[in-house]
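Heads up, the thing below is written out as structure tokens.
None of the figures in this text is laboratory data; all of them are computed from the coordinates on show. Please read all numbers here as calculations on a predicted model, not as lab measurements. Cβ: placed from backbone, ideal geometry, glycine included. Neighbour counts: every protein chain shown.
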Amino acid sequence: MRSIIRNIVAGSILLLPAASTVWAQGPSLTPTEQLGKYIFFDSDLSTNRNQACAVCHGPTAGWTGPDGALNQGGSVYEGSIAGRFGNRKPPSSAYATQSPILHLEKGLFVGGNFWDGRATGEKLGNPAADQAQGPFLNPLEQALPAPAEVVQRVCDASYGALFREVWGTEACESANVNMAYADIALSIAAYEASPESNAFTSKYDYRFKDEAKLTKQEQKGYALFRGKGMCHRCHTGNGPMALFTDYTYDNLGLPRNPANPFYTEPEWNPDGYAWVDPGLGGFLATRPDYAAFAGENMGKQKVPTLRNVAKGSCEAEPGNPACIVKAYGHNGYFKSLEGIVHFYNTRDVKPRCADPFTTEADARAQDCWPEPEESANVNTAELGNLGLTPEEEAAIVAFLTTLSDGYVPE
């Protein structure tokens, strides 16, 4: 019976596009989803009992980094142990559950989770669940020593009874640590697949219910998004419940983020400022079955969903006293949608900045762009010289703001 439950949970997540229409009719959570929510927001599941998943994946910021001050700088979040930082900004945990198991399709890698795809989904049958196991044991994140410690803390938590109810009383027996650790991850993935996370309640969504109408600027932005801007080639989707990602990987030629704290962590990064994020290629190099594809994928990062890309930002919600600066790109180099859209448009038009560690603000002031962090495999076919006018850039940004969940129809 236990294995049947686990398969149902994993399967329902992978089949979300078909099921979510039904789930979205009511906001209540299933027991497994509610359990996952408890785990997601539990700061006790870190070595110093000070960091929950939600620290890096805050709902008010579209399930990504909710600290505007951090986003303004390095954009990488501090772990449970003070002074330890990872190397990339947090991706959104929402709308990630539909990503398929990592696989090679027509010469491109598709699926998986994390920016570099290392949560393939091969272990638990679900990339979101594979990903959920990672931060608990990562010494730069929640930093717990072993799965047994995570399981013990869940079993001892106020929601421990619910964990046993959902997964069986044997889940907290010492002989079942590995299975229980999988169950914890599947619970988190179930919550991440719930309508609280994958809400489909943006202005864009309500327009298909005839409960909202895009402004002329937003409509123009959508047309440019699907046309001259070529955004839709990677951020695919049209019509109801579009996800605005194709789950592939791309090197956009983004510059280094000079404020990334990973550069100054010699214990974890002996290369210092010479370190270059290898992205998908770095992960593929660790796999004998995929190592031959590593070179052609160096520097490529996962194409994120654009849903909630503007949520909580002062750029999109200037009247919101709780609005924040949001960071964009795998390393958080850009501090606004306006900035990253302008980069997409002009990357190959402007001259190179003299200093490869030039900040976005200084690059804009100098009217240049720094060299790519990883120069190999840069996508030159779909961005870099789009010929968009400032008004067209602004229209695309306006459309992107319609993808934020929580819209209230007038």
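With K and R counted +1 and D and E -1, the other residues having a Cβ less than 13 Å from that of Lys37 yield a net charge of -4.
Here Asp67, Asp183, Asp362 are placed in order of increasing Cβ neighbour count within 10 Å, fewest first, which gives Asp362, Asp67, Asp183.
Taking every eigenvalue of the Cα gyration tensor of segment 105-181, multiplying by 5 and rooting it, what semi-axes result, largest first, whole Å?
In descending order the semi-axes read 28, 15, 10 Å.
Short to long, the 5 Å bins of the Cα pair-distance histogram for segment 352-410 hold 4, 14, 13, 17, 21, 15, 8, 5, 3, 1 percent of all pairs. The amide H of Ser313, built 1.01 Å from its N in the peptide plane, has Ile324 as neighbours under 5 Å, considering only residues 5 or more places off or on other chains. Multiplying the residue separation of Asn238 and Lys106 by 0.36 nm and subtracting their alpha-carbon distance yields 45.3 nm. Taking the average, over residues, of other Cβ atoms within 10 Å as the packing measure, peptides 146-152, 253-259 rank 253-259, 146-152 from highest down. Model label points for Val349 and Thr389, set 7 angstrom from Cα along the Cα-to-Cβ axis, are 1.2 nm apart.
Would you mind computing the Rg to Rh ratio of segment 153-312 from its alpha-carbon coordinates, Kirkwood style for Rh? Don't skip to the answer; put the middle values down first.
Details: Rg = 21.8 Å, Rh = 20.3 Å.
Using Cα coordinates only, the ratio equals 1.07.
Spatially, segment 293-326 and segment 365-410 are offset by 11 Å when compared through their Cα centroids. Proximity of backbone amide H atoms, modeled 1.01 Å from N, is registered between Lys123 and no other residue at under 5 Å, excluding neighbours fewer than 5 places apart on the same chain. In plain terms, the residue of His330, His232, His342 with the fewest other Cβ atoms within 10 Å comes first and the most crowded comes last, giving His232, His342, His330. Using the Cα coordinates of segment 44-172, the gyration tensor eigenvalues translate into equivalent-ellipsoid semi-axes of 24, 22, 13 Å, sorted from longest to shortest. Taking the longest Cα principal axis of the chain as reference, the axis of helix 177-192 is set at about 50 degrees. In a solvent-free Debye calculation with one equal scatterer on each Cα, what is log10 I(q)/I(0) for segment 310-410 at q = 0.13, 0.19, 0.22 Å⁻¹, listed in the order of the q values? Reported log10 I(q)/I(0), two decimals: -0.53, -1.02, -1.26.
Are there any GluC sites (Glu not before Pro) in segment 165-272 that are in a DSSP loop and have at most 14 other Cβ atoms within 10 Å? List them by number. Show your work: numbers first, answer last.
On the way: sites: Glu165, Glu170, Glu173, Glu192, Glu196, Glu211, Glu218, Glu267; in loops: Glu173, Glu196, Glu211, Glu267.
Loop-located and lightly packed - Glu173, Glu211, Glu267.
Can you give the % of DSSP beta bridges in the chain that are antiparallel, to the nearest 5?
Working: 9 of 13 bridges.
Bridges in the chain that DSSP calls antiparallel: roughly 70 percent.
In plain terms, the chain from Lys228 to Ser158 could stretch by 19.9 nm, reckoned as 0.36 nm per residue minus the Cα-Cα distance.
What the phi angles of segment 391-404 give under the Karplus curve with 6.51, -1.76 and 1.60, with θ = phi - 60°, is a coupling list of 5, 6, 4, 5, 5, 4, 4, 4, 5, 4, 6, 7, 9, 7 Hz, glycine and proline written as x. Pairwise Cα separations in the chain fall into 20 Å bins from 0 onward with the following percentages, short to long: 27, 60, 13, 0. Over the chain, dividing the summed -39,500 (n - 2.57) contributions of all DSSP H runs of at least 4 residues by the number of residues returns a 222 nm mean residue ellipticity of -9000 deg cm²/dmol.
Applying D = kT/(6 pi eta Rh) to segment 114-243, where Rh is the Kirkwood radius over alpha-carbon pairs, T corresponds to 37 °C and eta to 0.692 mPa s, the Stokes-Einstein value obtained is 184 µm²/s. Among Thr380, Thr248, Thr47, the largest mean-square fluctuation in a Gaussian network model of the chain (Cα springs under 10 Å) belongs to Thr380. Only alpha carbons enter this Debye calculation for segment 253-322, each as an equal point scatterer, and the log10 of I(q)/I(0) it gives at q = 0.18, 0.19, 0.23 Å⁻¹ is -0.89, -0.93, -1.02. Taking every alpha-carbon pair under 8 Å whose residues sit at least 6 apart, segment 279-410 reaches a relative contact order of 27 percent. Taking amide H positions as modeled 1.01 Å from N, with prolines and chain starts lacking one, the residues under 5 Å from Tyr77 and 5 or more places away or on another chain are Gly86.
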